[in-house]
Amino acid sequence: MNVEEKVSDFYQQVLRRNAGEPEFHQAVSEVLDSLKVVLEKDPHYADQGLIQRLCEPERQLIFRVPWVDDQGVVQVNRGFRVQFNSVLGPYKGGLRFHPSVNLGIIKFLGFEQIFKNSLTGLPIGGGKGGSDFDPKGKSELEIMRFCQSFMTELHRHIGEYRDVPAGDIGVGGREIGYMFGQYRRLANQHESGVLTGKGLTWGGSLVRTEATGYGVVYFASKMLEAHGESFDGAKVIVSGSGNVAIYAIEKAQQLGATVVGFSDSSGYVSTPNGVDVELLKDVKEVRRARVAEYVAAAEGAEFHEGGNIWELAADVALPCATQNELNGEDAKVLAANGVRYVAEGANMPSTPEAVEVFREKGVNFAPGKAANAGGVATSALEMQQNATRDSWSFEYTDERLQKIMENIFTTCASTAATYDHEGDYVIGANIAGFKKVANAMLAQGIV
């Protein structure tokens, strides 16, 4: 059986065993496609059921989350935690609260997390979790009750040496606070390393809030530098307006770029003169409002209801909203409008068709598992501070983050070149992340 047949056989097994999980299929397909060149050169990675084991989570947890709303009505949601691979360290990955969450979404995120965490160079394995609960439109008390119920079940499965969740879409500092409080109550101890993204006065880390957004810009900056360019004077599109997008906008503009647009699910805002970051933070983080409210107070900004942000002309695009938000047609429009660099701030926001267009058009593309690893990297730095009962300065932590992102870029670039795909950061990220995990799995036996 040649390599193409082996990889096809592996993928067909995944399809049979994981029916009805298209996002998970997409994530596995992308990695397996990159591994063809590895198996040609190093066929031993197909031995001992290694790839089959890598595609099967070590543990999948599904549980009921009952809670009482403000009208006294009992509501029931579903909770998930997929502990995918712990060969490099305790499971590490965020919790997502969003109505779209299901087992397939969590498995896709957990699978991506294995390689993302591997690329950071830090001792953390891959996992992910969440619920189909929607925090939008809920009162503070309803969110607290839900988080406490969610943690009542989850607490028995996590720990600083076992599994360390963090935030993701729908889970910010407020939700982490409610969950940590319930964990502390149930465990009868202040185990600060059990969750990351905590408040600064009770075990949190400086830069954690900014980390994913800053990290994607640090990675993209190295990508531009490799081609003799920089953010200084560049025009940038950032999709989304949540935590990742806000801090990607902030860092890009600190480096001299003009961010010409951002968005949310209601439409997008064009900002030809750049973004007033403090106003955006007030709208999204304090008022928790839609982006249309930004326009009311921002000079020169225009709201486009239901529009497509990818129609804006720019040099760099940073998709920071959600999975599969950028399709093949969008990619063609971006390339036609002058975009030469795309770095993913969200998890798998570009469809396979979009990635193929970027390759065909010569657009430099950085996948999320490399470009958005700054969030989990800084979470691991928070774990280090918790373990030593220490607290680092913003400047020191930001330096660590920047160095980690630069190292990830160098690793992806050099790995791609080693396998004769210079400049292909998808192949570089997938192979580099895979080999570290695979070598550890082989060394630790069939477990």
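The values are calculated or read from the model by the stated rules, or taken from the named source; none is laboratory data. Being a predicted model, the structure only gives us computed values, none of them experimental. Heads up, the Cβs are rebuilt from the backbone with ideal geometry, glycines too, and the neighbour counts pull from every protein chain shown.
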Counted residues, segment 80-128 - those being in contact with a strand residue (DSSP E or B) (Cβ under 8 Å, 6 or more places away or on another chain), among the hydrophobic types (A, V, I, L, M, F, W, C) and in a loop (DSSP other than H, G, I, E, B)
4
List every residue pair whose Cβ atoms lie under 6 Å apart, where the two residues are 6 or more positions apart in sequence or sit on different chains, the first residue falls within segment 329-340 and is buried (at least 22 other Cβ atoms within 10 Å of the Cβ), and the second residue, located anywhere, is modelled with pLDDT of 95 or more.
330/310; 331/354; 331/357; 331/358; 334/310; 334/317; 339/314; 339/317
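When you scan segment 279-373 for helices (runs of 4 or more DSSP H) that lie fully inside it, which ones turn up with 1 or more residues that are touching a Gly at 6+ places or on another chain (Cβ under 6 Å)?
352-361
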Taking the condition free of Cβ contacts under 8 Å to residues at least 24 places away in the same chain, part of a helix (DSSP H, G or I) and farther than 30 Å from residue 158 by Cβ, does residue 34 pass?
no
Which of the residues belonging to segment 37-79 are of a type outside the set (Lys, Arg), loosely packed, with under 15 Cβ neighbours inside 10 Å and assigned to a helix (DSSP H, G or I)?
40, 43, 44, 52
Based on this model, can you work out whether residue 257 counts as crowded, with 18+ Cβ neighbours inside 10 Å and under 20 Å from residue 367 (Cβ atoms)?
no
For segment 140-153, indicate whether the set of residues that are part of a loop (DSSP other than H, G, I, E, B), within 22 Å of the chain's Cα centre (by Cα) and modelled with pLDDT of 95 or more is non-empty.
no
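Out of 241, 221, report the one residue that is crowded, with 21+ Cβ neighbours inside 10 Å and assigned to a helix (DSSP H, G or I).
221
Yes/no matrix, rows are residues, columns are (1) in contact with a Lys or Arg (Cβ under 6 Å, 6 or more places away or on another chain); (2) more than 17 Å from residue 214 (Cα to Cα); (3) aromatic (Phe, Trp, Tyr):
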| site | (1), (2), (3) |
| --- | --- |
| 371 | no, no, no |
| 378 | yes, no, no |
| 384 | no, yes, no |
| 387 | no, yes, no |
| 395 | no, no, no |
| 402 | no, no, no |
Can you spot a residue in segment 176-188 that is among the basic types (Lys, Arg) and either closer than 26 Å to residue 395 by Cβ or in contact with a Gly (Cβ under 9 Å, 6 or more places away or on another chain) (or both)?
no
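Listed here are the residues, each with its yes/no results for (1) surrounded by 24 or more Cβ atoms within 10 Å (Cβ to Cβ); (2) outside any loop (DSSP other than H, G, I, E, B); (3) among the basic types (Lys, Arg).
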position	(1), (2), (3)
382	yes, yes, no
385	no, yes, no
397	no, yes, no
400	no, yes, yes
410	no, yes, no
435	no, yes, yes
438	no, yes, no
445	no, no, no
Whichever residue in segment 167-189 is among the hydrophobic types (A, V, I, L, M, F, W, C) and in contact with a Lys or Arg (Cβ under 9 Å, 6 or more places away or on another chain) and, among such residues, is modelled with the lowest pLDDT
169
Considering only segment 381-390, I want to know if a residue exists there that is among the small types (Gly, Ala, Ser) and over 20 Å from residue 118 (Cα atoms).
yes
